[in-house]
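The values are calculated or read from the model by the stated rules, or taken from the named source; none is laboratory data. Note that the coordinates shown come from a computational prediction; the quantities given were computed from them, not determined experimentally. Cβ sites come from the backbone with ideal geometry, for glycine too, and all protein chains shown count toward neighbours.
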Amino acid sequence: MKNREILLGVTGGIAAYKAADLCSKLVQRGAAVTVVMTEAARQFIGPTTFEALTGRPVYHEAFRPVEHFRGEHIGLAQRADLMVVAPATANFLAEVAGGFAHDLLSALTLTITCPLLFAPAMNCEMWAKPSVQRNVAQLRADGVHFVEPGTGWLSCGQIGAGRMAEPGEIIETIARLVDVKPKMSAPSA
């Protein structure tokens, strides 16, 4: 993962705290990580945490450029080798499945050309809802990669499927996606 540009999107769920661990582990493996947070994510964890881990500014506004004056959704997308959203909430999955771009993170999903990976996290009843599963199916059909949520204790006090995958599992998937090389064509005779 050395010298790979990774965009880490963080949405507003309790699992946002795990995104800090994921970010730290990516940086330790040599990745250059840029974090994009939704407004709701900033209610769970502060941008200063990610700035300290990455040594980079955290992005959250589409129309107040920090670095790319044609729009952060263009500049950040152009330099990314992979974009991962962890946690990916039910709301975020619905937005992206519907092609909505109401904030910087959702706009990035429409402008990137690199692999896109989601690590969903939500209550077990939410994860099981037909509407959420339809959105996941649509996103898979659109080429989005997923790290399935785990089963276990959830912050709502229930036990079930919906826990965000552990950072190590997400990193394994990222490594596979960024290290996939296109097949070389055979020389012409």
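Couple of notes before you dig in:
- Any hit, the range 82-104, residues being assigned to a strand (DSSP E or B) and over 15 Å from the mean Cα position of the chain (by Cα): no
- So SER131, is it modelled with pLDDT under 85 and more than 16 Å from the chain's Cα centre (by Cα): no
- Leading residue by the ranking (surrounded by the fewest Cβ atoms within 10 Å (Cβ to Cβ)) among those in the range 1-57 that are of a type in the set (D, E, K, R) and either under 21 Å from ARG163 (Cβ atoms) or touching a helix residue (DSSP H, G or I) at 6+ places or on another chain (Cβ under 6 Å) (or both): ASP21
Okay, residues lined up against (1) aliphatic (A, V, I, L, M); (2) farther than 20 Å from GLU39 by Cα; (3) at pLDDT 95 or above; (4) in contact with a Cys (Cβ under 9 Å, 6 or more places away or on another chain):
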| site | (1), (2), (3), (4) |
| --- | --- |
| HIS102 | no, no, no, no |
| VAL136 | yes, yes, yes, no |
| CYS156 | no, yes, no, yes |
| GLY168 | no, yes, yes, no |
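- Of the residues making up the range 155-172, those that are assigned to a loop (DSSP other than H, G, I, E, B) and either in contact with a helix residue (DSSP H, G or I) (Cβ under 7 Å, 6 or more places away or on another chain) or of a type in the set (Ser, Thr, Tyr) (or both) are SER155, GLN158, MET164.
- Some residue of the range 7-20 being at pLDDT 95 or above, out of contact with any Lys or Arg (no Cβ under 6 Å at 6 or more places or on another chain), under 22 Å from LEU93 (Cβ atoms) and of a type in the set (Lys, Arg): yes
- Scope the range 140-176; condition more than 19 Å from LEU22 (Cβ to Cβ) and either touching a Phe, Trp or Tyr at 6+ places or on another chain (Cβ under 9 Å) or not hydrophobic (A, V, I, L, M, F, W, C) (or both); matching residues: ARG140, ASP142, GLY143, THR151, GLY157, GLN158, ILE159, GLY160, ALA161
- Considering the range 58-85, and only residues there that are modelled with pLDDT under 85 and among the basic types (Lys, Arg), the residue that is farthest from PRO167 (Cα to Cα) turns out to be ARG70.
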